[in-house]
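This report concerns only the one structure given below.
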Amino acid sequence: MILYRTAQGLVVERDGRYHAVPVGDWDEVLNQENLAAWLRGLDAEVAEPTPGSLQAPLGAQEVWASGVTYYRSRNARMEESKDAGGADFYQRVYEADRPELFFKATPSRVVGPGGVMHRRLDSKWIVPEPELTLVINRRGQIVGYTCGNDLSCRDIEGENPLYLPQAKVFARCAALGPGVMVAERPIPTETSILCEIWRGDAAVPVFRGETTLAQMKRTPEELVSWLFKEESFPAGCYLMTGTGVVPPDDFCLKPGDVVKITIDGIGTLVNVMD
């Protein structure tokens, strides 16, 4: 099942048919007891939402992120920070029991499907990071999954690890969508994450990369347990789980670039860069 937030209200797609969700408040729906079973009980059919009506699938939830969860990400972070003497930090966190967790965005900084993301103007090396994003209720339970784009300024982070908040948190720095795949069982480790970046009228993407969740060092459940260890989220929260797809070091996003992130079973999140 895929739960969508649209301009006309909430809609769930189930077995190829679309059903209206009678509760209009996203936070209330997200925190329903046994969300999957509740959604399966809905039977009022509606038309398929148009792409232009889709909104970011979140309400009052904060978005958090985890880093260095893939070996490829570890290598990229070590390479970008070696001149600043920070390369060893990423090796240590990759091997440590405690994961890297950081705040990514408030809802106002998140764009939805088709939304325009912001390239931080004081960055000369900014890239998308395609990430499986966990949808977590207030009880710390993973109730769904969505596609996430953790837009990142690699030059700012590489200059000094203490600049991480500036490299990660800024206007329109995150995107989520197109909907939430409601968790009826844990997402398979063979699930594929594909990122394509299209530029101008090119017949092929300027970048294409793919990985699977099997490449993650940590499980989603492990990441959630650390996030909720000394924190609470009254409306629930979202957790980006890191990236295993990293463009080459000479690549930087340009105005008008279109980023497409596809995750098996969820769909494709499309965003444009300003």
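The values are calculated or read from the model by the stated rules, or taken from the named source; none is laboratory data. Owing to the predicted nature of the structure, the values given are computational and were not obtained by experimental measurement. Cβ placement follows ideal geometry from the backbone for every residue including glycine, while neighbour counts extend to all protein chains displayed. Accessible surface areas use protein heavy atoms only, side chains included; no ligands, DNA or RNA. Shrake-Rupley method; radii C 1.70, N 1.55, O 1.52, S 1.80 Å.
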- prompt: Of Gly114, Gly256, Gly236, which has the largest mean-square fluctuation in a 10 Å C-alpha GNM of the chain?
  reply: Gly256
- request: Could I have the simple spin-label model distance between Gln166 and Gln32, label points 7 Å from Cα toward Cβ, reported in nm to one decimal?
  value: 4.5
task: State, to one decimal in nm, how far the label point of Thr219 lies from the label point of Gln141, with both points 7 Å from Cα in the Cβ direction.
output: 1.8
query: Is there a pair in Lys229/Lys260; Lys124/Lys168; Lys217/Lys254 whose C-alpha atoms are over 24 Å apart, and which pairs would that be?
result: Lys229/Lys260; Lys217/Lys254
query: When only DSSP loop residues count, what trypsin sites (Lys or Arg not before Pro) in the stretch 172-274 have their Cβ near at most 13 other Cβ atoms within 10 Å?
result: Lys229
- request: Give me the distance in nm between label points sitting 7 Å out from Cα along the Cα-to-Cβ direction at Arg109 and Lys229, one decimal.
  value: 2.3
message: Out of the total accessible area of the stretch 204-269 (probe 1.4 Å, heavy atoms of protein only), what percent is carbon and sulfur?
response: 51
Extension gain from Val204 to Arg40, taking 0.36 nm per residue of separation minus the Cα-Cα distance: 55.1 nm
- request: Quick one: net charge around Gly148, please, counting Lys, Arg +1 and Asp, Glu -1 for every other residue with C-beta under 12 Å from its C-beta.
  value: -2
- line: Using alpha-carbon coordinates alone, the radius of gyration and Dmax of the chain in Å work out to 18.0, 59
The stretch 1-57 versus the stretch 178-195: alpha-carbon centroid distance in Å: 17
